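Taking it in order: structure first as structure tokens, then the write-up.
Every read-out reported here was derived from the displayed coordinates using simple, explicitly stated rules and does not represent laboratory data. What you are looking at is a predicted structure, and each value in this text was computed from that prediction instead of being measured. Using ideal geometry, Cβ is built from the backbone for each residue, glycine included, and neighbour counts are taken over all protein chains shown.
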Amino acid sequence: MTTVSSINIKSFQDDLISWFSAEQRELPWRQDKDPYKVWVSEIMLQQTRVDTVIPYFTRFLEKFPTIDALAEADEDKVLKAWEGLGYYSRVRNLQAAVREVQEKYGGKVPDTPKEISSLKGVGPYTAGAILSIAYGKPEPAVDGNVMRVLSRILLIWEDIAKPSSRKVFEQAVREIISHENPSYFNQAMMELGALICTPTSPSCLLCPVMDHCNAFHEGVQDQLPVKTKKKKQRNVQLAAGVFTNEEGKILIRKRPGTGLLANLWEFPSVELSLGFRRQRDELAEHFEEHYGIRPKVGDSIGQIDHVFSHLVWNIQAYKGAFEGDISETSRLKLVTDEEIGEYAFPVPYQKMLKQYDAEKRAD
């Protein structure tokens with residue numbers, strides 16, 4: 001590994017920050033340095049593209065403009081505001097953490113590494129981003145973009161897929177970060193990775209720090225960063241149904257409070273067995289087992305495929321009907337077409353509802 005002594009740190013800082021000052025994108029969370037807004041933006045930006053986040057960020061801040069507003073909000077309303085962004089544990093952790101900030105720190109986001117890192121869902125990257133951007137502290141904020149940039153600049157051959165490698169990159173940032181303007185330094189590193197020093201075909205000739213880049217000078221920029229491939233995703237076969245009662249109300253249920261897509265709403269669904277039984281039968285038996293009523297499972301409304309980081313759902317979607325009473329609870333609701341919009345559904349079930357609505361209009 002090339003050490004930081006291979007570059008002129010001051011010159012590197014100047015070139016990087018000058019470029020960012022002139023070329024940075026206008027993004028809503030850059031309008032001020034409010035720690036809460038920085039925090040929300042960084043949580044949203046995990047695993048999600050900037051263009052996708054912008055409208056979500058704006059709407060979320062309209063609904064929950066302050067720490068107090070988010071801390072006191074009903075979880076269902078918070079999940080609804082996050083609907084479609086995915087990785088819902090992010091927003092559940094965010095709400096739990098802001099409640100802690102409200103109770104323990106009087107509503108002020110803490111400005112020390114120890115205190116901020118103790119908050120739920122705040123890992124080293126998020127802590128470093130808030131401390132540097134909002135509070136001007138020279139703390140590293142190392143995400144995938146930053147590891148890619150540094151691996152090329154400093155010729156670091158550590159596998160960035162290994163958690164242990166992060167310490168190498170964090171130490172490198174501590175040695176080269178600008179103490180005069182850590183906010184712009186960290187944001188510039190992220191921006192550089194997002195726009196110029198991209199995973200494939202980096203735009204080296206447009207790079208403001210090309211002169212400092214060891215990988216460019218050695219012609220190995222396309223070989224870095226080193227990143228081992230993830231394990232293959234597991235396929236899960238499901239059957240799900242939009243079931244209506246005699247009044248035309250749709251049965252929805254809330255998923256368990258822990259695990260994948262916790263506390264979001266869904267339509268009755270069952271993981272299919274490996275046998276050759278008909279999907280409709282399995283779905284009907286699942287419904288009867290849970291609600292004591294044998295439904296009529298009607299026509300298919302299509303297949304929905306949804307990719308998570310570790311698995312793929314293949315959902316065979318049906319429409320159906322049932323007769324009889326089902327007792328509503330906090331986790332089981334019968335809702336009208338108008339009311340269903342108030343509940344937060346994961347993306348695959350949103351798609352399923354759209355297909356159901358389209359079929360209904362076509363009938």
Among bridges DSSP assigns within the chain, what percent are antiparallel (round to 5)?
60 percent
For segment 129-159, list residues with backbone N below 17 Å from a point placed 7 Å from the Cα of residue 222 toward its Cβ?
152
Candidates 157, 29, 39: whichever shows maximal mean-square fluctuation once the chain is modelled as a Gaussian network with Cα springs under 10 Å
157
Can you tell me which aspartates and glutamates have their Cα less than 17 Å from the Cα of residue 232? Leave out same-chain residues fewer than eight positions away.
305
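Please arrange 27, 131, 154, 261 by counting, for each residue, the other beta carbons lying within 10 Å of its beta carbon, fewest first.
On the way: 27 15, 131 27, 154 24, 261 21.
In order of increasing Cβ crowding within 10 Å: 27, 261, 154, 131.
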Could you tell me which GluC sites (Glu not before Pro) in segment 225-301 are loop residues by DSSP with no more than 15 other beta carbons within 10 angstrom of their beta carbon?
246, 247
Debye calculation, C-alpha points only, no solvent: report log10 I(q)/I(0) for the chain at q = 0.14 Å⁻¹, in the same order as the q values.
-1.13
Point-to-point label distance, residue 200-residue 337, nm (Cα→Cβ direction, 7 Å offset):
4.4 nm
Dividing the mean separation of Cα pairs under 8 Å (6+ apart) by the residue count of segment 4-223 yields a relative contact order in percent of 24 percent
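Using mean Cβ contacts within 10 Å as the protection proxy, how do 207-218, 51-62 order, highest first? Present the calculation step by step, with values, prior to reporting the outcome.
Values: 207-218: 18.7, 51-62: 15.2.
By packing density, highest mean first, the sequence is 207-218, 51-62.
Which semi-axis lengths, in whole Å and largest first, follow from the square roots of five times the eigenvalues of the Cα gyration tensor of segment 210-356?
Values: eigenvalues 349, 64, 34 Å².
After scaling each eigenvalue by five and taking roots: 42, 18, 13 Å.
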Mark the label point 7 Å from the Cα of residue 22 along Cα→Cβ and return the residues of segment 197-240 whose backbone N is within less than 12 Å of it.
207-209
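With charges only on Cβ, +1 for K and R and -1 for D and E, what is the dipole size of the chain about its Cα centre, in debye, rounded to 20?
Numbers: 46 positive and 51 negative charges, 188 e Å.
Its charge dipole is roughly 900 debye.
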Most mobile listed residue (86, 193, 302) in the chain, GNM with C-alpha springs under 10 Å
302
Most fluctuating residue given options 25, 90, 152, as computed from a GNM of the chain linking Cα atoms under 10 Å
25
Lysines with Cα under 23 Å of residue 229, excluding same-chain neighbours fewer than 8 positions away
162, 167
